[in-house]
Structures are given as structure tokens and as C-alpha cells.
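To keep things clear, I will list the structure first and then write my remarks on it.
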Amino acid sequence: MGEMPNFSSTKPKIHPPIEAPLCADCRKMDLSFFDPECNGCRSLVSSSTTSVSEVFAILRQWTRQVQCKIDLFVHEFLSKEANVNDRDGLTDMTILHYVCKAGAPGVGDPELSAEVARRLLDLGADIRARCRWSHMTAVHFATFFNSARTLRWLIESDPDIDIDDPCHEYDNGSALHMAAGSLSLESARVLMEYGANPSLKDDLGRTPFDCIPDPTTVDLLPEAESTIQELFELLSIRAYSPPGRSQTQMVNNETIGGRAILKAMGLRIGDRVMLNGCKSGILRYCGTTDFALGVWAGIELDTAEGKHNGTVNEVTYFKCSSDRGIFAPVNRISRICGTQTVHASKRSRPTSNGSSTERPYQSSSSVCYEFSPGDRVTVKLVASDRHCTGTIRYAGSVSFSSGVWFGVELDSFDGRNDGTVQGVRYFSCQQGRGVFAPASKLEILKEDASPYSSLPSHASRNDTISSLSSKSGSADDAKPLRRSLSTRYRNEKLKESEFDEKAPLSRSGSVRVVQKPKMEPPAWQNVQPEPLSRTASSRKKKDEKWLAVGMNVLYQHEVGIIKYIGKVQFADGLWLGLEMRNERGKHDGVVKDVRYFTCKQGRGLFVRPSAVTVRGINGALLVKESKE
């Protein structure tokens with residue numbers, strides 16, 4: 001990166017919002033974002049006729065092409081004799097704030113962002129400048145977007161900076177609260193390294209530890225569970241660690257408080273349990289700990305996905321193999337009731353002579369609760385926060401994740417697959433009706449809630465399992481689907497006695513051919529987000545969800561429903577149209593005589609994807625990059 005110009009006006013000012021410039025070639029291609037790799041766009045931003053407002057408008061575009069060229073736009077910003085502390089009239093952000101955002105992993109360039117921030121600080125950028133809309137400083141922006149390298153430069157540049165400075169828009173929580181809530185692990189480590197206080201509480205009485213999302217509700221980002229676990233250990237150990245011990249100490253595997261809780265839960269030390277509905281292991285400890293408040297469960301996992309061998313901070317709570325021990329709040333474990341072996345198969349693959357072969361995929365796993373193949377259940381779909389009904393077709397381990405998962409054939413076309421994930425077939429159903437979920441997302445469907453509960457019933461649980469195990473079939477098999485449609489007395493039977501695999505359970509169920517026509521989605525669901533890249537790229541796996549119409553999101557600590565995703569006439573880029581639950585909006589879905597969606601007056605609101613969160617994940621990370 002070349003030397004930056006050192007021009008500045010006499011005093012900072014606010015530049016009025018304006019639409020981002022676009023070269024003629026890009027307009028002909030019907031593109032809506034600025035592309036620094038385009039010669040026309042690049043010469044346009046370097047033109048003397050391009051204003052500071054237009055540079056700000058380009059920086060507002062949350063695309064990788066723009067954010068990875070932050071040095072180019074900062075250079076042009078300063079070349080136009082703008083003050084380094086000038087503000088964007090739309091967002092009230094300074095150029096330093098935008099640079100902090102540009103260090104977000106996966107979107108921007110962390111190294112480049114840190115270098116540009118350092119040079120801006122040398123030119124007199126105000127590190128304490130606060131955005132009047134979000135009340136965030138540069139430290140808050142760098143923390144929220146996990147720009148750890150930039151955050152380190154900011155802290156080191158001002159020895160007197162208060163890294164625990166509260167942000168009013170986030171319930172007066174500190175930067176560490178933000179890092180915990182947005183899963184910014186690297187930023188949290190930097191803050192702790194420089195002395196951030198993990199015991200501070202926000203207006204809701206929460207410490208940063210309390211702001212960490214529940215791992216059972218966060219499955220939108222890869223490796224989110226491991227990030228959450230590391231945040232648990234980082235914040236809890238640092239916040240509540242007692243004076244150091246001279247040598248390793250061994251504690252009893254059960255305390256008085258832990259014993260009472262285990263008795264109430266029907267558990268004992270040595271029982272097999274499930275952690276967060278997806279990891280199985282043996283309960284080795286339950287009670288208070290020295291590294292955090294409350295009652296914790298120590299578990300020896302079946303797989304090497306733990307963090308230790310039962311010893312934390314030189315205190316041995318239990319003993320197990322290395323990397324198999326893990327601690328979790330006691331309310332996140334549940335008992336495993338029985339075991340069962342279920343079979344799945346690889347997709348048929350052609351051989352050299354044109355025939356096809358199937359390689360079996362066997363999974364022997366522990367089945368928790370009362371869920372078994374054939375059960376009618378309701379499934380909570382995380383992305384849309386909806387509950388759909390369906391029938392369990394598979395229970396056991398899977399190749400795409402650890403622990404026990406349940407394959408469900410939904411009654412509607414709200415699924416993600418046809419029973420096949422990453423080339424492995426676990427069961428067969430119509431495309432778009434298969435979904436996998438952990439036990440925490442399932443509930444037994446009550447008899448009166450099932451549309452088939454009034455039908456006569458003669459099927460058995462063993463018949464259903466045998467039909468599933470004997471033949472996995474192909475996705476193209478045009479055979480009627482056999483369902484076990486009743487769950488009568490299932491809960492009562494399991495409460496009265498332990499589950500016995502050898503004794504078949506008599507089930508009341510009916511076997512009918514049920515064919516439902518595929519319903520066309522309503523017109524409002526056909527709204528497509530604005531394309532964000534020239535090339536076919538994706539930051540997520542095929543089966544993962546993105547922001548979608550109908551999804552619940554959190555905006556400024558209040559829940560809203562996405563009613564519109566796409567471009568608008570009053571501003572550039574991608575916007576979300578929200579219907580707020582309370583009258584915090586500005587309109588009813590109509591802006592400047594253009595109706596984008598319909599809602600009650602005073603509840604409609606347009607925001608950028610980065611302004612919302614979905615279960616602790618920033619919306620900017622959940623925007624799908626469309627193909628041209």
C-alpha cells in the first residue's frame with residue numbers, strides 16, 4: 001500500500017448521503033455494486049469529480065470486492081482533501097469506523113485493515129469518536145466484526161483508552177459483552193489480554209459470559225459450537241478464577257448441590273448422557289467448580305472433541321483420556337435411554353462397466369429420549385423459527401457432524417434434502433422434504449395435533465424399523481411412502497418403565513398412502529436478494545440457511561420479521577424490510593410512494609443486513625452471494 005496523502009480540511013464535517021457511482025460498463029451489465037477490479041469503476045473513483053459522499057457510499061457496500069480494497073478507498077478519500085474525522089451523513093460513521101469493519105474475517109482483509117487503521121491513527125483519526133446512531137466507537141466496531149488485528153492497533157495506540165467503555169445501544173454492555181454475543185472469539189482474546197473486565201454487568205445484569213449464545217440454537221456458522229465452548233472457557237475462567245494453587249488438587253465427583261440436581265433429573269454419576277442433544281458421553285462429575293459460578297457437569301465424551309482430561313486450572317474434577325473431558329452447564333445434559341444400530345448407504349455410484357454399487361454406511365449410536373424411526377414429531381427449523389411436522393426416518397450418527405442426529409421426513413416441502421447429505425444416503429424421501437436435527441429440536445407430536453390421529457391403526461414400531469433398514473432405495477424410486485402415524489401412549493409408557501430393546505412396544509398407528517401435492521409458494525416469497533458478486537462464490541455449505549423472507553431477526557434488541565430482501569429506490573445496495581413487533585418503525589412498507597411489503601403503520605423499517613442478528617450471528621454473514 002502506497003503512502004497516504006495528508007490533506008485535511010479545517011474542521012470535520014458531515015457529508016450528505018448519495019448513491020454510489022457505477023461505470024457505464026457495469027450499468028450495462030445491470031450490476032449494482034462497485035467493482036474495484038473493473039477499470040471503468042477504478043478510474044471513476046479516482047476522478048476529481050467523484051465526491052467524498054460517493055466514496056462513503058461505496059464503503060457502505062458490504063461486498064468482498066469493496067472491503068478487501070479498503071486502502072484504495074481511504075487513499076481516494078484523503079486525496080479529496082477530506083478531514084480524517086469527516087462523517088458519513090447516512091450512518092454517522094468515520095473513515096476509521098469503516099476500516100474497522102473491513103477487517104471482518106471472510107469479508108475483508110484483516111492484515112490490510114490493521115495497516116490502514118495504523119496510518120489513519122498517525123494522521124490524527126479520533127479513536128474515541130462515537131457513531132451517534134449505534135453509539136459505537138472504533139473499538140466497538142473492531143470487536144463486533146472480529147477485526148482482532150485492528151483492535152490490537154487501536155488499543156496500543158492510546159494507553160489511556162477505556163476498553164470497558166459501555167455502549168448505550170447494547171444495554172450499556174462493554175466491548176467484551178459485544179464479543180461474547182457476536183462470537184468474536186479473537187477479539188475477546190485481545191480484550192482479555194489487555195485487561196478487559198469480564199465481571200462487568202450491563203443494564204440487564206449480564207456479564208460477558210451470560211451473553212454467549214446457547215450452542216443448541218446456533219447452527220448457522222461452521223464451527224460455531226467450538227467457538228462457543230472456547231468463549232465459555234475464556235470468559236468463565238478469567239472472570240472467576242480463585243487464587244492459584246501450589247499443586248493439583250482432586251475434588252469429589254459430586255457436591256451437595258450437584259447431588260440434589262442429579263436426583264431431580266433422574267441421573268447418577270456414570271450414566272450415559274447427551275450434551276446439547278448432539279454429543280454423547282459418560283457423566284463423570286456434577287457440582288460447583290473453581291473456574292465458574294453455578295453447577296456444572298463434567299462429561300467424558302465418546303470422541304476426542306473435548307478440551308482437557310478432567311483437570312482445569314490444576315484442579316482435577318475427574319479423570320479421562322486427553323481431549324475427551326468437557327464441562328457444560330448442568331441444564332444442557334440429558335439422559336440417554338437406549339441404544340440402537342441404524343444403517344444408511346452411500347449413493348449409488350457407477351462402476352467401470354456401467355453398473356452401480358452401494359457402499360453401506362453403518363452408524364451405531366445412542367438414541368436419546370423417546371424418539372425412534374417411525375415417530376411423529378414436530379421439528380423446529382432454526383433458520384425460519386418455524387415448527388413443522390414430520391416422521392422420523394433415521395436415528396444415529398452421521399458423517400457430517402458428531403453425536404446423534406435424527407433424519408425427519410417433513411409433511412411439507414420445507415426441508416433441505418431427500419435424505420442424502422454430502423453424498424451419503426440415510427433415508428429416502430422426496431426432494432425438499434428431508435431434514436436432519438438434533439434431539440433438542442424435536443418434540444413428540446401430540447395425538448390431537450396430528451391430522452392423521454383419527455385414522456385406524458395397526459402398524460408396529462418394529463415393522464417400521466425393519467422396512468427402513470432393509471432397503472434404503474433411490475431418490476427416484478416412485479413408491480408410496482409408508483408412515484407410522486400415531487404416537488399414542490408413547491410418552492406415558494416411557495415414563496412408567498425403562499426402555500427395553502428386547503421387548504417390542506405395541507404401537508397404535510395406521511398405514512396409509514399419503515400423497516400431498518407440492519404447493520406453490522406465495523408471491524412474496526419469490527423476492528430475491530440483490531446479487532453481490534460477479535463470480536459464483538459461496539461462503540457457506542449447500543445445506544446451510546441464509547437470510548430469508550419470514551425469518552425472525554433481532555434489531556436493536558427487538559424482534560422483527562423480514563418481509564423484504566433486495567434493492568430499493570431510495571438507496572443503493574441490499575436492504576432488509578422489517579416488520580417490527582412494536583411501533584418502532586417509520587412506515588407501513590411504503591417508502592416514497594413505492595410499496596415493498598405490507599404491514600401495520602409505524603411498524604415497517606428498512607435496515608442493512610449488518611444491522612440485524614440471527615441468534616447472535618450478524619446478518620451480514622448470512623447474506624447469500626448469488627450467481628450472475
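The table below gives the values:
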{"item": "Identity of the residue in region 290-338, small (G, A, S) and in a loop (DSSP other than H, G, I, E, B), that ends up surrounded by the most Cβ atoms within 10 Å (Cβ to Cβ)", "result": "G310"}
{"item": "C100 vs. criteria under 28 Å from A196 (Cβ atoms) and either out of contact with any helix residue (DSSP H, G or I) (no Cβ under 7 Å at 6 or more places or on another chain) or not in a helix (DSSP H, G or I) (or both)", "result": "no"}
{"item": "Matching residues in region 239-270 - criterion: being closer than 16 Å to W296 by Cβ, in a loop (DSSP other than H, G, I, E, B) and modelled with pLDDT of 75 or more", "result": "L267, I269"}
{"item": "D109, sole failed condition from (1) touching a residue at least 40 places away in the same chain (Cβ under 8 Å); (2) closer than 25 Å to R132 by Cα", "result": "(2)"}
{"item": "Residue among E169, E193 that alone is surrounded by fewer than 17 Cβ atoms within 10 Å (Cβ to Cβ) and at pLDDT below 90", "result": "E169"}
{"item": "Residues located in region 155-181, provided they are over 27 Å from S226 (Cβ atoms) and of a type in the set (A, V, I, L, M)", "result": "I161"}
{"item": "Among (1) under 35 Å from the mean Cα position of the chain (by Cα); (2) farther than 26 Å from V568 by Cβ; (3) surrounded by fewer than 19 Cβ atoms within 10 Å (Cβ to Cβ), the one test that L96 misses", "result": "(3)"}
{"item": "Qualifying residues in region 44-59 (those that are β-branched (V, I, T) and either over 31 Å from the mean Cα position of the chain (by Cα) or in a loop (DSSP other than H, G, I, E, B) (or both)) - the one surrounded by the fewest Cβ atoms within 10 Å (Cβ to Cβ)", "result": "T49"}
{"item": "Residue count, region 19-70 (criterion: touching a strand residue (DSSP E or B) at 6+ places or on another chain (Cβ under 6 Å) and under 25 Å from E111 (Cβ atoms))", "result": "1"}
{"item": "Residues of region 71-97 satisfying the condition of being part of a loop (DSSP other than H, G, I, E, B) and closer than 18 Å to C131 by Cβ", "result": "A82, N83, V84, N85, D86, G89, L90, T91, D92, M93"}
{"item": "Matching entry among L183, L96 (being in the same structural domain as K80 (by TED's automatic domain parsing), of a type in the set (A, V, I, L, M) and at positive phi)", "result": "L183"}
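The values are calculated or read from the model by the stated rules, or taken from the named source; none is laboratory data. All values reported here derive from a predicted model rather than from experimental measurement. Note that we place each Cβ from the backbone using ideal geometry, even for glycine, and neighbour counts take in every protein chain shown.
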